[in-house]
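Every number here is computed from the coordinates shown, using simple stated rules; none is lab data. All of these numbers come straight from a predicted model, not from anything done at the bench. All Cβ positions, glycine included, derive from the backbone under ideal geometry; neighbour counts span all protein chains shown.
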Amino acid sequence: ALPDPGEAPVRFHSDALEAAQRDDLELNQALRGVTQRGELFLAYQPKLRMPTGEVIGAEALLRWEHPGRGLISPGRFIPMAEASGEILAIGDWVLEHSMQALTAWLAEGRVPADFSLAVNVAARQLCREGFAQDLLARLRRHGLPVEAFSIEVTESGLMADLSQARKQLAVLDREGIRVAIDDFGTGHSSLAYLKTLPVSTLKIDRAFVTGIAEHADDRQLAATVTALAHGMGCDVVAEGVETRGQAECLIAMGCDIGQGYLYARPLPAEAFLHWCADARASAETVPTG
Ligand code: C2E
Ligand code: MG
Ligand code: MG
Ligand code: MG
């Protein structure tokens with residue numbers, strides 16, 4: 001007999017779906033209390049001033065080394081942690097460990113004195129009552145100046161609870177903590193709202209950087225975002241810079257800071273510090289007038 005045309009694909013689909021759901025459930029369970037088990041670590045990706053190439057800071061990016069499954073990407077587990085609420089404990093862990101690392105690096109002179117470290121902050125974390133005061137208290141406890149630390153929040157993170165976000169950002173702004181809007185251009189936030197928030201930096205999403213050297217319309221879009229940001233008094237960071245051609249286009253349009261595989265991938269702490277030392281050594285060999 002002929003196979004039922006509907007049956008096989010439906011069964012396959014529901015099996016795959018079930019497996020995916022089981023997988024999600026398993027990861028969700030494993031996420032609970034992950035900060036207590038020593039499975040998290042931070043990778044660091046340098047940010048360079050363009051066009052000089054001076055290293056001005058880095059972004060801390062979270063990594064989860066699951067004992068059975070190996071490295072799990074934040075793109076997978078961060079949204080889960082946001083949904084379950086585990087992001088609050090994870091966010092605290094990130095703040096604490098990034099500040100510990102930064103304090104040691106500055107004390108040991110392993111990064112320049114004006115080096116600044118950025119961490120990603122999730123919507124739920126930002127909108128928790130007392131977030132900004134807690135961040136400031138932590139900085140004081142570590143003896144870090146406010147200029148040494150900054151946060152990145154996505155457009156959607158800001159829009160999730162605009163009035164609470166505004167309240168927290170106002171405190172950070174008053175105390176001199178810089179805030180970047182991450183993945184700029186990918187959300188659906190209203191520019192009219194964004195311009196009322198005290199942010200210092202726009203990060204152009206990689207999606208708009210990728211085609212910049214080949215496609216005039218991508219170039220036009222990035223140039224417009226850059227002009228808009230500068231018009232609002234913001235710095236512009238381009239993320240996902242992978243090629244020299246992209247960097248040249250960004251420099252031509254006046255983009256301030258670049259970050260991407262062209263310069264370095266996110267690196268574990270020691271590898272990152274070696275990269276910084278090499279970058280400094282090669283900058284010193286360049287004649288300076
Ligand atoms: P993001 O904050 O926009 O970070 C940039 C992402 O682009 C990182 O992915 C980075 O590894 C990647 N990237 C950087 N340069 C290049 C490049 O030249 N080419 C390509 N293809 N990719 C590049 P990653 O580390 O997988 O992080 C993904 C996202 O997870 C981050 O996006 C951020 O939204 C979130 N995330 C990471 N760490 C944390 C954290 O500590 N807390 C929170 N709330 N979210 C985090
Ligand atoms: Mg970021
Ligand atoms: Mg980003
Ligand atoms: Mg991104």
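Key figures
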read-out: Around residue 133: net Lys/Arg minus Asp/Glu count, Cβ-Cβ under 13 Å; value: +3
read-out: Under-5 Å amide H pairs with residue 232, H placed in peptide plane, nonlocal only; value: none
read-out: GNM result for the chain, Cα springs below 10 Å: residue of 144, 191, 102 fluctuating most strongly; value: 191
read-out: Ranked packing of 204-211, 264-271, most packed first, by mean Cβ within 10 Å; value: 204-211, 264-271
read-out: The chain: calculated mean residue ellipticity at 222 nm from DSSP helix runs of at least 4, using -39500 (n - 2.57); value: -15000 deg cm²/dmol
read-out: Using θ = phi - 60° and Karplus 6.51 cos²θ - 1.76 cosθ + 1.60, couplings along the stretch 73-83 (whole Hz; Gly, Pro as x); value: 6, x, x, 8, 8, 5, x, 5, 5, 5, 5
read-out: Built amide H within the under 5 Å cut-off of residue 201, gap 5+; value: 179, 181, 235
read-out: The stretch 48-180 shape via C-alpha gyration tensor axes, a/c threshold 1.5; value: oblate
read-out: Neighbour net charge for residue 69 - beta-carbon separation under 12 angstrom, K R +1, D E -1; value: -3
